[in-house]
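Everything on this sheet refers to the single structure shown next.
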Amino acid sequence: MRTQEGRLRLACWLTIAALALFVWSVLDPGVVAVMLAMSLGQVLGTAATALFFWVVWTDLRRARVIDRERR
Amino acid sequence: MEKVSISTVKSIADLLVVATILFAVIAFAIMLWYLARRPPLTGVTKLVLLAGIFVFPLMSAMSGNVSGYDTTQKREFCGGCHVMIPWTADAEDPNSKSLASMHARNELFGDRNCYRCHEDYAMFGAVTTKATGMVHLLHYVKTYWSVPAEETFGRIHIYNPYPNHNCMHCHSTELDGFEELADHKGAIESIRSGKESCVSSGCHGPAHPFSKVTKEGAE
């Protein structure tokens, strides 16, 4: 989680976990699978997305700071 | 005609399953690519990740949620908590004369009769139904997890008096056959306004008579 790459890798793993829940819930739509996919799955996917946009946002800000210092 | 519409619904359900998996597989491939190749974080990499972390998972989640929402309406799902099994078993019993069971045999909604009778028929009905469903789930985990199903008779109640409006969602009360019945005729206004319950005993209730066996008249 130290580097931007590390954050993105974490986001990837979170996404994979969420996707696994989605796929499980449609292939074997039992009570547990469906409830997990519609709760935990959403949380994991949202966390991954938030992490991704955080990385992009901080990258952009950093780039702008560098630009400003150069000028 | 009915056969056609049923098979269409089935294929839409299948389509949702296929879509959920397809979008997930695409996103999964992108995730694997990034994790295995560790490409430099260029603009292009970020764009690909945008698709893999956000766009495709979102599409997979959306079709998966529609499919999941559909699943939660099925009687099978209601029976997923063991304390509901006496109710679902009664509905599935072809010899049962309970009102709930008599609503379990038609092709249109027979396999989701619990939901069709117990959902809130209002603008945000789906939301409030799911919210109370979550309360039920908590209640189940806290109180009924290890209670044998039969011991819940008389302990599990309906939250609010059953609204006639739910019955009238399907039974309009406007047909001649309805009004001609003596019991309906005299009370038509108080039935429509909900003053007199359709499911009071002596009328069409209780809907689940077996659950009233141990404690007479439990309400």
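The values are calculated or read from the model by the stated rules, or taken from the named source; none is laboratory data. Not measured: the values here are computed from a predicted model. Don't worry about glycine lacking a Cβ; one is built from the backbone with ideal geometry, like all the others, and counts go over all protein chains shown. The protein model used for the area step is the full one, side chains on, heavy atoms only, and it has no ligands, DNA or RNA in it. Shrake-Rupley method; radii C 1.70, N 1.55, O 1.52, S 1.80 Å.
Quick look at the values:
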quantity	calculated
J(HN,Hα) series, segment B:67-74, from Karplus relation 6.51 cos²θ - 1.76 cosθ + 1.60, nearest Hz, glycine and proline x	4, x, 4, 4, 4, 5, 8, 7
Pairs from B:K185/B:K212; B:K97/B:K130; B:K74/B:K130 whose Cα-Cα separation, in the structure shown, is over 23 Å	B:K185/B:K212; B:K97/B:K130
Net charge of neighbours whose Cβ lies under 10 Å from the Cβ of B:A126, counting Lys and Arg as +1 and Asp and Glu as -1	-1
HN-Hα J in Hz across segment B:56-61 - Karplus 6.51, -1.76, 1.60, θ = phi - 60°, x for Gly and Pro	5, x, 5, 5, 4, 5
Other-chain or far-sequence residues with amide H under 5 Å of B:G205's (modelled H)	B:S200
Mean separation of Cα contacts under 8 Å, 6 or more apart, over the residue count of segment B:6-71: relative contact order %	52
Proportion of all alpha-carbon pairs of segment B:6-71 beyond 15 Å (%)	56
Nearest 10 degrees, 0 to 90: helix B:2-37 Cα axis against chain B principal axis	30
Debye-sum result for segment B:99-213 in log10 I(q)/I(0), which assumes one identical scatterer on each alpha carbon, at q = 0.23, 0.24 Å⁻¹	-1.51, -1.54
Over chain B, relative contact order from alpha-carbon pairs under 8 Å, at least 6 apart, %	17
Chain B: proportion of alpha-carbon pairs further apart than 22 angstrom, %	65
Helical contribution to [θ] at 222 nm, DSSP H n ≥ 4, -39,500 (n - 2.57), averaged over the protein assembly as shown, rounded to 500	-19000 deg cm²/dmol
Rounded accessible area of A:L36 (nearest 10 Å², 1.4 Å probe)	60
Rounded percent of accessible protein surface that carbon and sulfur make up, segment B:6-71, 1.4 Å probe	80
Note, ³J(HN,Hα) from phi for segment B:166-175, Karplus 6.51, -1.76, 1.60, rounded to Hz, x at Gly and Pro	5, 5, 6, 4, 10, 9, 5, 6, 9, 7
Taking chain A and dividing mean pair separation by its residue count, relative contact order in percent (alpha carbons under 8 Å, at least six apart)	39
Three semi-axes of the equivalent ellipsoid, segment B:78-162, Cα gyration tensor, whole Å, largest first	21, 19, 11
Isotropic mean projected area of the C-alpha convex hull, segment A:4-62 (nm²)	3.7
Descending Cα extents along the principal axes, the protein assembly as shown, whole Å	90, 46, 37
Rounded accessible area per residue of the protein assembly as shown, 1.4 Å, Å²	62
Computed accessible area, B:R105, all protein chains, 1.4 angstrom probe, square angstrom	130
